[in-house]
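Beneath this line is the structure, given in structure tokens, with notes to follow.
Read the figures in this text as sums done on the coordinates, not as results from a lab. The model shown is predicted, which means the values in this text are computed figures rather than measured ones. Cβ sites come from the backbone with ideal geometry, for glycine too, and all protein chains shown count toward neighbours.
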Amino acid sequence: VAAIAASRDRGLERLLYALGIRQVGQKAGKVLAAHFGTFDALAAATEEELTAIDDVGAITAAYIREWLQNPQSKHLMDRLREAGVSLEAAQKPAGDQFKGLTFVLTGALERFTREEAGALIEARGGKVSGSVSKKTSYVVAGENAGSKLRKANELAIPVLTEEEFAAMLGGGGTPESGASAPEAAPDPGDGEQLSLL
């Protein structure tokens with residue numbers, strides 16, 4: 001308890017990781033914290049609600065519910081509350097503008113770092129993925145975008161320039177269709193990967 005309490009102001013995602021719940025690592029802790037915002041909201045979630053979250057499978061959901069229902073876990077959480085440990089996400093979502101949307105970032109961005117762009121998306125309820133699939137909502141393409149941009153074109157995934165992405169952030173809408181997307185840069189190593197589609 002003392003070790004966890006020592007990180008009382010580090011936010012919900014680190015707390016969830018520190019609790020030692022099976023299958024809940026740093027990534028799952030971040031996803032859960034972003035989705036629920038508070039520990040109480042997580043504790044009230046059903047196993048079905050947990051399973052429906054991206055990156056949280058049925059096994060992880062079952063482990064979370066099992067941990068939450070354990071009397072020792074409830075006692076631990078009571079002690080952490082008394083110790084003043086933060087049970088809220090370090091950054092509360094700015095809104096649900098991108099709820100249900102999955103973005104892929106590719107190429108070099110000028111206005112943002114990849115981490116900054118990803119944080120802005122997640123703060124608005126969206127998800128950032130490292131690969132393009134049919135589930136991808138938008139690909140944000142900077143300079144020298146390669147295989148991810150080509151795959152987006154093959155799957156007819158909407159491609160945003162950095163300017164269009166910035167406009168979405170500021171205006172809360174979706175970009176107009178017909179804008180010219182960046183061309184994919186040559187990438188000799190893409191042929192084998194793309195042939196598997």
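Go ahead and run the numbers for FRET between D55 and E82, Cβ-Cβ distance against an R0 of 25 Å, rounding to 0.05. Present the calculation step by step, with values, prior to reporting the outcome.
Numbers: r = 32 Å, r/R0 = 1.27.
Step by step, r from the Cβ atoms, then E = 0.20.
Which ordering of Y17, Y63, Y138 is given by a fewest-first count of other beta-carbon atoms within 10 Å? Working shown, then result.
Values: Y17 20, Y63 17, Y138 23.
Fewest-to-most Cβ neighbours within 10 Å comes out as Y63, Y17, Y138.
Nothing charged except the Cβ atoms of Lys and Arg (+1) and of Asp and Glu (-1): what's the magnitude of the dipole of the range 2-82 about its Cα centre? Round to the nearest 20 debye.
Numbers: 10 positive and 11 negative charges, 78 e Å.
Around 380 debye, computed over the range 2-82.
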